[in-house]
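Below: the structure, in structure tokens.
Every number here is computed from the coordinates shown, using simple stated rules; none is lab data. Worth saying up front: this structure is predicted, and the values here are computed from it rather than measured. Glycine also receives a Cβ, built like all others from the backbone with ideal geometry; neighbour counts cover every protein chain displayed.
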Amino acid sequence: MTTDQLEPMPDDWQRALAIVAHPDDLEYGCASAIATWTDAGREVAYVIATRGEAGIDTLEPATCGPVREREERASAAVVGVSSVEFLDHQDGVIEYGVALRKDIAAAIRRHRPELVITLNPDDTWGGTYWNTPDHRAVGRAVLDAAGDAGNRWIFPDTDAEPWNGVRWVAVAGTDSPTHAVDVTDGLERGVRSLMEHRAYIEALTDESPETYVRDLIEGFARQTAERFGGRPAVTFRLFTK
Ligand SMILES: [Zn+2]
């Protein structure tokens, strides 16, 4: 594995919008970086394509959706994020296409971010685990919609005006990161943010939720440290617009 050092993420921005498929997608690592950013006075908002209603085997979707929505809002609050919107695509069967791009472009136009954040749209996680169709669809649509949002001839009927101010799209969880954020100060809140997904985690593992979450989040950050001057970090692949 390479030990080439990663670049620090740009910090000359004020507003970020994180757009992912499911409640919990941002909490598996990214939230520690978000805590660090909101501490520094930056605004971060979340847009989630589904309510994660197909995510818990033992809960019917109609019951599960509201539970997961509450958990996501609580997770966001832990890292200083108060704006959480849901696009109400159907969990598990999100379709990549013009409808999804339009919903995401409309969200970017409403929020006017300089930095857009999303999750790994590649086929796999680390070449080992097959990625889900929802992550592939949403990640790709976010990268596409960051451009669509600025073109007034594409999706001309959204409520908000075109927004051509996206400077970067940062993709979390990829095999080929280029940048990182030091999360020394945000890591503990990153742990607590994922712990808010209690119903989801209790259905997922027999371990105590705290042990599961702490091992995972601290493990990711430690793994990354060797490529970022020994500091615990969250990595991104940064696309400059
Ligand atoms: Zn997910």
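Run the numbers on the stretch 64-162 and let me know its relative contact order in percent, using alpha-carbon pairs under 8 Å that are six or more apart.
For the stretch 64-162, the relative contact order is 31 percent.
Quote the relative contact order of the chain in percent (integer), defining contacts as alpha-carbon pairs under 8 Å separated by 6+ residues.
27 percent
What is the ratio of the Cα radius of gyration of the stretch 117-193 to 2.2 N^0.38 Å, with N the residue count, to two decimals?
Compared with the compact-globule rule of thumb, the stretch 117-193 sits at 1.37.
Taking 0.36 nm per residue of separation and subtracting the Cα-Cα distance, what length does fully extending Tyr129 through Thr184 add?
Taking Tyr129 through Thr184 to full extension adds about 17.0 nm, to one decimal.
Determine the calculated [θ] at 222 nm for the chain from helices alone, applying -39500 (n - 2.57) to every DSSP H run no shorter than 4 residues and normalising by the residue count; nearest 500 deg cm²/dmol.
-12000 deg cm²/dmol, from helical runs alone.
Which value in nm describes the separation of the simple spin-label points at Thr63 and Thr205, placed 7 Å from the Cα toward the beta carbon?
Between Thr63 and Thr205, the simple spin-label model gives 2.4 nm.
Assigning unit charges at the beta carbon (Lys, Arg +1; Asp, Glu -1) and nothing else, what dipole magnitude in debye, to the nearest 20, does the stretch 7-240 show about its Cα centre?
With only Lys, Arg, Asp and Glu charged at Cβ, the dipole is about 700 debye.
Compute the separation of the alpha-carbon centres of the stretch 33-101 and the stretch 171-218 and state it in Å as a whole number.
15 Å
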